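> Submitted below is the structure of interest, expressed as structure tokens.
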Amino acid sequence: LGTSLTRAVTPVVAREAEAEGDDCQGHPGWWTATVVGTVGLGVVGVLLGLAAAPISVVLAPGLAGNDDGTLVLLVRVTVLVAATALLAGLAHGHGVFRWVALQGIPFNLVMIAAAGLLGPRYGIAALAWGFVVGSLLRMLLQLWPAWRHRWRLTTRVDLRSSGWREIAGMVPALMLGQAVVNVSTIGDRAVASTVQEGAVSAIFLGWRLTNLPETLVVAALMAPLYPAMGAAAGRPRELRALLHRGTGVTLTILVPVVAALAVVPDRVVALAFGRGSFDD
């Protein structure tokens, strides 16, 4: 829901920002989406927390039988984070990308500190709390451009606004696509939990490697391209030019990377993980 709402608000905000210029009049559709998303995720989060025990059996059937409560704790802690990514949609819609791009730095610093300083004492639960604190810092960092550029944050929920109706119309299809990806990932890890020790980590790290090119290239390119396409809605020639250029850049960079992952995956894995406690 959070990811789908973020993707839906970006083109709407971009079109409104282009029409308003430097004089931001507020974005009632964005604010309504933020309130609805936060409340919706909050309710779902509470339900997930209450049902963490049976849900953990679905997430990792091979581990749940031997779980000492850690898996349930991790589920309950990490659902505390709500729709903070909607601030990224607001910034992208206004053509501001720097601060959103930097949000991962404080998050990762907190995670590293949680692992190094609190991990020896509290175990894996330290990472769960680090995830929550790091996510809150990400949210604070994303509030900075809104204050700096003086974007007017309309504080009125308007379910009848044209912006919200457009956003709500896009969300179901986006949620379906996001659900397919998430269910596939959950299914992979659930099956891996029943195979052998280390299988969950192996499949997780393998996905991180195969997703790295997409994260570095496609996600980085889509950040400025997506709101630009939203602002160009109704101008087919400009949209085709943006799509053609973005696709060309993506293929040019990704083809050799994909070839390397397909031809010499053992060397790629060794380069990324072949040190420390990782064995063959």
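> On a 1.4 Å probe surface of the protein chains, which of HIS94, HIS27, HIS149 comes out largest in accessible area, and what is the full order?
I get HIS149, HIS94, HIS27, largest accessible area first.
> Tell me whether the stretch 133-182 comes out rounded, prolate or oblate; compute the Cα gyration tensor, take square roots of the eigenvalues as a ≥ b ≥ c, and use a/c under 1.5 as the rounded threshold.
Here the stretch 133-182 falls in the oblate category.
> A further question on this structure: Based on a Kirkwood Rh over C-alpha pairs, give the Stokes-Einstein translational diffusion coefficient of the chain at 25 °C and viscosity 0.890 mPa s in µm²/s.
Answer, rounded: 116 µm²/s.
> Still on this structure, I have one more. What relative contact order, as a whole-number percentage, does the chain give when Cα pairs under 8 Å and 6 or more residues apart are counted?
Across the chain, relative contact order equals 29 percent.
> Something else about it: With a 1.4 Å probe and all protein chains left in place, how much of the accessible area of the chain comes from carbon and sulfur atoms, in whole percent?
Roughly 67 percent of what the probe reaches on the chain is carbon or sulfur.
> Tell me the per residue accessible area of the stretch 140-280 using a 1.4 Å probe; a whole number in Å² is fine.
71
> Pairs of alpha-carbon atoms within less than 8 angstrom and 6+ residues apart define the contacts here; what relative contact order does the stretch 129-280 have, in percent?
Computed over the stretch 129-280, the figure is 13 percent.
> For the chain, set up a Gaussian network in which alpha carbons nearer than 10 Å are linked by springs, and say which option among PRO256, PRO227, PRO172 fluctuates the most.
In the Gaussian network model the winner is PRO256.
> Name the long-range amide H neighbours of HIS27: under 5 Å, sequence gap of 5 or more, or other chain; modelled H, no Pro or chain starts.
Residues meeting the criterion, in which the H sits 1.01 Å from N, are THR154.
> Which part of the stretch 133-151 falls in the paramagnetic zone of LEU117, meaning amide N under 17 Å from the point 7 Å along Cα-to-beta-carbon?
Those under the cut-off are 133-138.
The values are calculated or read from the model by the stated rules, or taken from the named source; none is laboratory data. Just so you know, these numbers come straight off a predicted model, no measurement behind them. Glycine also receives a Cβ, built like all others from the backbone with ideal geometry; neighbour counts cover every protein chain displayed. The accessibility values were calculated without ligands, DNA or RNA, using every heavy atom of the protein model including side chains. Shrake-Rupley method; radii C 1.70, N 1.55, O 1.52, S 1.80 Å.
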